[in-house]
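**Q** Have a look at this one before I ask anything.
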Amino acid sequence: MRNRYLSDKRFVGSAILLGTLCLMALLASMIAPFPYDEVGVGPNLAAPAPGFLMGTDVLGRDLFSRVLFGARVSLAVGFCTAGFSLILGTLTGALAGFFGGRTDRMIMAVVDIFYIFPMLLLAILLSLLFGRGFFGIFISIGMTTWVTQARLVRALVLQARELPYVEAGRAIGLTPVRILFQHILPNLMGPMIVSLTFQIPNNILTESFLSFIGLGLQPPYASWGTLANEGFRGMLSYPHLMIFPGLALFLTMLGFHFLGDSLRDILDPKSQVGSHTNP
Amino acid sequence: MISFLMKRLLQASATLAFLIVATFFLLRLAPGGPFDGEKVWPAEVKANIDAKYGLDRPLPVQFLEWCRDLARGDLRDSFHYIGTPVRDIISDALPPSLILGGWALLISVVAGVLLGVLSAWKRGTWLDFSAMFVAVSGITLPTFLIATLLVLLFSSTLGWLPPALWEDRKSMILPVLTLSFRPLAIIARMTRTSLLEVLHADYIRTAHSKGLSEARVLFKHALRNSLIPVVTLLGPITASLITGSYVVETIFQIPGLGTHFVTSVIDRDYPLVMGMTLVFGSVLILCNLVVDLTYGLIDPRIRVEREG
């Protein structure tokens, strides 16, 4: 088992890349040369130079420190919202697929309602309703993405419930709840992990998008999208304000992309799940 | 076929109706109002404003009034651009968005399929490698970084193209390129994967053994079958072109629908939001409908019997 992971170059490479990024985010307060919100630590709008690796922004804040702390926000939003949609989507999808009938129709009706909403409109409306704090962003991204997970898990459970091991479980008198949670769902871990690795970067991108159009987290928090938003007006003269947050986002996306691809081949060779169905 | 079409149309209208109702009430539930500004209005003034714009009546009544006006073809005046009908705002902003989105869709489909076919055909060669390099960067590069890099290269360094604004054809190139990059990459990857799968099928071997030329097998036999998953993608891709256009319109200062949509929600410009929702919703639902009907054209097996 271990060999299949270690012999996959994409897995090893992306794991190292993502591990480094996460570690840098966690240790941001130790690595960052300046506090991320301290104004005037250097000249305003300085280009990258030895003292300020990524230059400074319009208020003379060190961009490297801001990108480091931005990693915390962006990654936290990505992980938390993906976790939320994993739990909610798995629960609803599994119940719908396993029990079928009226339960299925009721759950899928709700799922379809969320599905037809243009993602952006729903995210904007929800962020108005729940505010632009961490909780609001969490809800607006989580609520728009859990339906994808629910549909996936429902389809998987529908397939699994016809398999011999489920029938065997029924034959020895296990309760349906026990069959579902102790036998079917653990068997679906592979595809679910794969879909999670595609969900996380999608959510990070969505958050950066919301922040970029000004609907993201409010100061003092700054995600990569917020930083890009602060930078785009001076794009021609001070491109470093856009390039470094963009680069950080790009590296994260790249890592998750290859991680997802390799995990799909390792854990779930037959699957159709992918980042490509969810642009 | 007719009954299938009728059923889908009915479903689409129900979806749109639901979308409109939900947006109307969600928007009103959100705190803040269209006339809340820096200063706080005295109570009488506030009551007067609310009465003038019909905001003092119960919500369901307001909704019915809005529907009544809609039936007359009146989308009302914007709250933010006072005195300007929403219809005029939308009809001014629609052409740039349509041009931008239309070109981006065309380029991404044509170039994406071409790139996908090329890399599946020449699998394992440097052509395949470079095509997939383009595809992966398209999927993983954030839109605003693509825009920055393109502007830096073609405007700042080479001076060939204007960095922003929407004036002549030249100014449209960079925004269209930026917007089409991601869908292009997604389509290229999907085409490659699905074509590679099809190329292993028995009937392709048969076609080869009949002595058909490679190009004929590829384009006549393999491509048609491998395009079904690609067509499935077109619905979400069109949706993402619409949402993606916000970023592109903002960066390139294009007076399109995207910017209006975001600002109208932030401004609580209720009539404009509703107008935008109507337009966007119709476009999205129409796209899905067209995609659904296209399946049948490509693959006769899924005609009609597809469950909604």
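**Q** Look at residue B:188 and say whether it is in a helix (DSSP H, G or I), modelled with pLDDT of 80 or more, farther than 29 Å from residue B:133 by Cβ and among the hydrophobic types (A, V, I, L, M, F, W, C).
**A** Criteria not met by residue B:188.
Yes or no, residue by residue, for (1) over 18 Å from residue A:215 (Cα atoms); (2) touching a residue at least 12 places away in the same chain (Cβ under 8 Å); (3) buried (at least 22 other Cβ atoms within 10 Å of the Cβ); (4) in contact with a Phe, Trp or Tyr (Cβ under 9 Å, 6 or more places away or on another chain):
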| residue | (1), (2), (3), (4) |
| --- | --- |
| B:254 | yes, yes, yes, yes |
| B:258 | no, yes, yes, yes |
| B:270 | no, yes, yes, yes |
| B:286 | yes, yes, no, no |
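**Q** Continuing with this model, one more query. What's the number of the only condition in (1) buried (at least 19 other Cβ atoms within 10 Å of the Cβ); (2) within 14 Å of another protein chain (Cβ to nearest Cβ) that residue B:235 fails to meet?
**A** Of everything listed in (1) buried (at least 19 other Cβ atoms within 10 Å of the Cβ); (2) within 14 Å of another protein chain (Cβ to nearest Cβ), residue B:235 misses just condition (1).
**Q** Still on this structure: Taking the condition farther than 18 Å from residue B:110 by Cβ, assigned to a helix (DSSP H, G or I) and within 9 Å of another protein chain (Cβ to nearest Cβ), does residue B:246 pass?
**A** Criteria met by residue B:246.
**Q** Out of the residues in the stretch B:119-131 meeting the condition of being surrounded by fewer than 18 Cβ atoms within 10 Å (Cβ to Cβ) and assigned to a helix (DSSP H, G or I), tell me which one is farthest from the other protein chains (Cβ to nearest Cβ).
**A** B:127
**Q** If I go through the stretch B:56-91 residue by residue, how many of them are assigned to a loop (DSSP other than H, G, I, E, B), without any contact (Cβ under 8 Å) to a residue 24 or more places away in the chain and of a type outside the set (Ser, Thr, Tyr)?
**A** 8
**Q** How many residues, within the stretch A:75-103, are of a type in the set (A, V, I, L, M, F, W, C) and more than 27 Å from residue A:26 (Cβ to Cβ)?
**A** Going through the stretch A:75-103 one residue at a time, the tally reaches 6.
**Q** In the stretch B:36-46, is there at least one residue being buried (at least 16 other Cβ atoms within 10 Å of the Cβ) and among the aliphatic types (A, V, I, L, M)?
**A** no
**Q** Continuing with the same structure: May I ask you to list pairs of residues, at least six apart or on different chains, whose Cβ atoms are under 7 Å apart, with the first in the stretch B:272-284 being closer than 16 Å to residue B:256 by Cβ and in contact (Cβ under 8 Å) with a residue 60 or more places away in the chain and the second being outside any helix (DSSP H, G or I) and of a type in the set (Gly, Ala, Ser)?
**A** B:272/B:78
**Q** Which is surrounded by fewer than 24 Cβ atoms within 10 Å (Cβ to Cβ), away from chain B (no Cβ under 12 Å), more than 28 Å from residue B:288 (Cβ to Cβ) and touching a Lys or Arg at 6+ places or on another chain (Cβ under 8 Å), of A:98, A:64?
**A** So the residue among A:98, A:64 that is surrounded by fewer than 24 Cβ atoms within 10 Å (Cβ to Cβ), away from chain B (no Cβ under 12 Å), more than 28 Å from residue B:288 (Cβ to Cβ) and touching a Lys or Arg at 6+ places or on another chain (Cβ under 8 Å) is A:98.
**Q** Here's another thing I want to ask about it. Hey, any hits in the stretch B:147-163 for a residue that's over 29 Å from residue A:238 (Cβ atoms) and more than 14 Å from every other protein chain (Cβ to nearest Cβ)?
**A** No, every residue in the stretch B:147-163 fails to be over 29 Å from residue A:238 (Cβ atoms) and more than 14 Å from every other protein chain (Cβ to nearest Cβ).
**Q** With A:247, A:205 as the choices, which residue is under 18 Å from the mean Cα position of the chain (by Cα), under 17 Å from residue B:186 (Cβ atoms), at the interface with another protein chain (Cβ under 8 Å from one of its Cβ atoms) and modelled with pLDDT of 85 or more?
**A** A:205
The values are calculated or read from the model by the stated rules, or taken from the named source; none is laboratory data. Values in this document were obtained by computation on a predicted structure and should not be read as measured data. Cβ sites come from the backbone with ideal geometry, for glycine too, and all protein chains shown count toward neighbours.
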